[in-house]
Each structure stands twice: as C-alpha cells, then as structure tokens.
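Trainee: Quick one: this structure, given as structure tokens, is what I'll be asking you about.
The values are calculated or read from the model by the stated rules, or taken from the named source; none is laboratory data. This structure is a prediction, so every number in the text was calculated from the model and none was measured. With ideal geometry, Cβ positions are generated from the backbone for all residues, glycine too; neighbour counts draw on all protein chains shown. These area figures cover heavy atoms from the full protein model, side chains too; ligands, DNA and RNA do not enter into them. Shrake-Rupley method; radii C 1.70, N 1.55, O 1.52, S 1.80 Å.
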Amino acid sequence: VSLVHSLLQDLKFSAKLLLKDKAFNVVALLTLALCIGANSAIFTILNAVVFRPLPFAESDRLVILYNRYPGVGVQKGANGIPDYLDRKKETGVFEELSLIEYRGYDVGMEGSPQRVQALGVTPSFFRMLRAAPALGRRFTEEEAVLGNEKVAILSQGLWKQLYAANPQAIGQDIRLSGVPHRIV
C-alpha cells in the first residue's frame, strides 16, 4: 500500500513540475517528436535501399564490377564493350556477365515526347537475373550485333502508359529519341 501511495505522490509531483514550465515541455515534446519522425524516415529509406534484398533469385550473388585507374584518381570507372568482352572470354569465375548502361530517351507520340530513364543491356542481362518479361521474349545474342540492336523491352508502367496494356504492342515499333526500335 505504501508503495502505491509513494508512486501516486511521485506522479502528482511530476505533473506539477510539468505544468509549471509549459514552454520548456512543449519544446522538449516537439524536439522528441521531430527526432522520432526523422529516425523513422531514415530507417524506412535504409530498409528499402540497403537492408531489403533485391527482388531477384539469389540476389546475394550479384556483383557490380568497375574499372579502377588509381594513377589518374579514378576509383569507379565505367566498363566498356572491350572490358565486357575480355571478362566474358578470359574470366571463368562468373556464371553470367552483363554490360549495363544507364540511358535517357525521348519517348512518345508525335508532338508530346517525354523523357524516360532506360537501361541499355546485353542479352545476358535477363539470364543473369533469372528473369523473363511478363509478355514477349528476352533479347537474343543476334540482337547484340551492331545494326541488329534496335529492339526494346518496355517496363510495365511504360507499356500501360503508352499502349494501355495492350498485348498487341509486341512487334510494333517505338521511337526512342527518334530512332525506331521493335518491341519484343
């Protein structure tokens, strides 16, 4: 009984102190709320970008290779086609290799093009990820030859936006920065 009585007295005393300096308590409460909110936002971003595995089979086995040129201060240099071909021919360490290039294209109907982000990839890209398009097919090795590379696989979002999710888009041409590409 005395423990409960003592606890009630402590709570009454704490409430009196809190009500005595309202400005300080409001500032402390707002600071605490701001810190909790910032912590939640940072964790959400880190969870989405760093902690959650990629949505591919065996994503822990994927690596990104860069060229290093320490003599000229380059720590993460881009890979080119010769690098890709040399690694593919000379290195037996990797199950699959793919060359990936980030690109931007103007896409759309006459008079209303929009800028979209895209990847230029070698045909091995989808094999490497063990992924296949929902409709259509992957790129073929013949399409990796200069002159035959004018083919495209659309993201689901772009397919819905430009073609209203019509499966008949496969086989049609789409103009990427003015150059026609066959949708496969």
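Trainee: Quick one: in segment 48-107, what % of C-alpha pairs are over 17 Å apart?
Mentor: Numbers: 1035 of 1770 pairs.
Distances greater than 17 Å cover 58 percent of the Cα pairs.
Trainee: Right, something else. With the contact rule set at Cα under 8 Å and sequence spacing of 6 or more, what percent relative contact order holds for the chain?
Mentor: On the way: 155 pairs, mean separation 23.1, N = 184.
In percent, rounded to a whole number, it is 13.
Trainee: Turning to a different aspect of this structure: Sorted by accessible area (1.4 Å probe), largest first, how do His181, His5 line up? Please list the in-between numbers first.
Mentor: Numbers: His181 15, His5 110 Å².
From most exposed to least exposed: His5, His181.
Trainee: Could you check the spin-label model distance between Asn47 and Ser177? Points 7 Å from the Cα along Cα→Cβ, value in nm.
Mentor: Here the modelled spin labels are 3.9 nm apart.
Trainee: With N denoting the number of residues in segment 1-43, provide Rg(C-alpha) divided by 2.2 N^0.38 Å, to two decimal places. It would help to have the intermediate numbers written out before the result.
Mentor: Working: Rg = 15.5 Å, N = 43, 2.2 N^0.38 = 9.2 Å.
Cα-based Rg divided by the globular estimate yields 1.69.
Trainee: Sort all Cα-Cα distances of segment 78-132 into consecutive 5 angstrom bins from zero, then give the percent of pairs in each bin up to the one containing the longest distance.
Mentor: That works out to 4, 16, 20, 19, 14, 10, 8, 5, 2, 1, in percent per bin.
Trainee: Let me ask another. To the nearest 10 square angstrom, what accessible area does Ser6 show with a 1.4 Å probe?
Mentor: Its heavy atoms expose roughly 50 Å² to the probe.
Trainee: While we're on this one: Any idea which of Ala28, Phe139, Val4 is furthest toward the positive side of the dipole for the chain, if Lys and Arg beta-carbons carry +1 and Asp and Glu beta-carbons -1?
Mentor: Val4
Trainee: Of the accessible area of the chain, with the probe set at 1.4 angstrom, what percent is carbon plus sulfur?
Mentor: Numbers: 8810 of 14160 Å².
That fraction is 62 percent.
Trainee: Still on this model: With every protein chain kept in place and ligands, DNA and RNA left out, what is the accessible area per residue of the chain? Probe 1.4 Å, answer in Å².
Mentor: On the way: 14160 Å² over 184 residues.
Heavy-atom accessible area per residue stands at 77 Å².
Trainee: Also, quick follow-up: At Asn148 and Leu29, where each label point lies 7 Å from the Cα along Cα→Cβ, what is the point-to-point distance in nanometres?
Mentor: In this crude label model, Asn148 to Leu29 measures out at 7.1 nm.
Trainee: May I ask for the Rg/Rh ratio of segment 110-184, computed from Cα atoms with Rh as the Kirkwood radius, given to two decimals?
Mentor: Details: Rg = 12.5 Å, Rh = 13.2 Å.
When Rh is taken as the Kirkwood radius, the ratio is 0.94.
Trainee: Got a sec? Which residues in segment 83-121 would a label at Ile64 touch, if it sits 7 Å along Cα→Cβ and we count backbone N under 17 Å?
Mentor: Answer for segment 83-121: 84, 97-104, 117-121.
Trainee: Using the C-alpha gyration tensor of segment 103-154, what are the square roots of 5 times its eigenvalues, in whole angstrom, with the largest one first?
Mentor: On the way: eigenvalues 105, 37, 22 Å².
After scaling each eigenvalue by five and taking roots: 23, 14, 10 Å.
Trainee: Follow-up question, since we're still on this one. Accessible surface of Ser2 in the full protein assembly, 1.4 angstrom probe, to the nearest 10 Å²?
Mentor: Around 90 Å² of this residue is reachable by solvent.
Trainee: Continuing with the same structure: Please express the shape of segment 34-78 as an equivalent ellipsoid: the semi-axes are the square roots of 5 times the eigenvalues of the C-alpha gyration tensor, given largest first in whole angstrom. All intermediate terms of the calculation are to be shown ahead of the outcome.
Mentor: Values: eigenvalues 197, 77, 5 Å².
Value: 31, 20, 5 Å, ordered largest first.
Trainee: Using only alpha-carbon positions, what ratio does the radius of gyration of segment 36-184 give when scaled by 2.2 N^0.38 Å? Show your work: numbers first, answer last.
Mentor: Values: Rg = 18.5 Å, N = 149, 2.2 N^0.38 = 14.7 Å.
In units of the globular-protein estimate, segment 36-184 measures up at 1.25.
Trainee: If one computes the Cα centroid of segment 69-86 and of segment 117-138, what distance in Å separates the two points?
Mentor: Centre-to-centre (Cα) distance: 24 Å.
Trainee: Another one. Mind putting a number on the dipole of segment 111-184 about its Cα centre? Charges go on the C-beta only, +1 for Lys and Arg and -1 for Asp and Glu, and I need it in Debye to the nearest 20. Before the final figure, lay out each step's value.
Mentor: Details: 9 positive and 5 negative charges, 49 e Å.
With only Lys, Arg, Asp and Glu charged at Cβ, the dipole is about 240 debye.
Trainee: Right, another one. Beyond 15 Å, how much of the Cα-Cα pair distribution for segment 22-121 remains, as a whole percent? Working shown, then result.
Mentor: Working: 3947 of 4950 pairs.
So the pairs more than 15 Å apart make up 80 percent of the total in segment 22-121.
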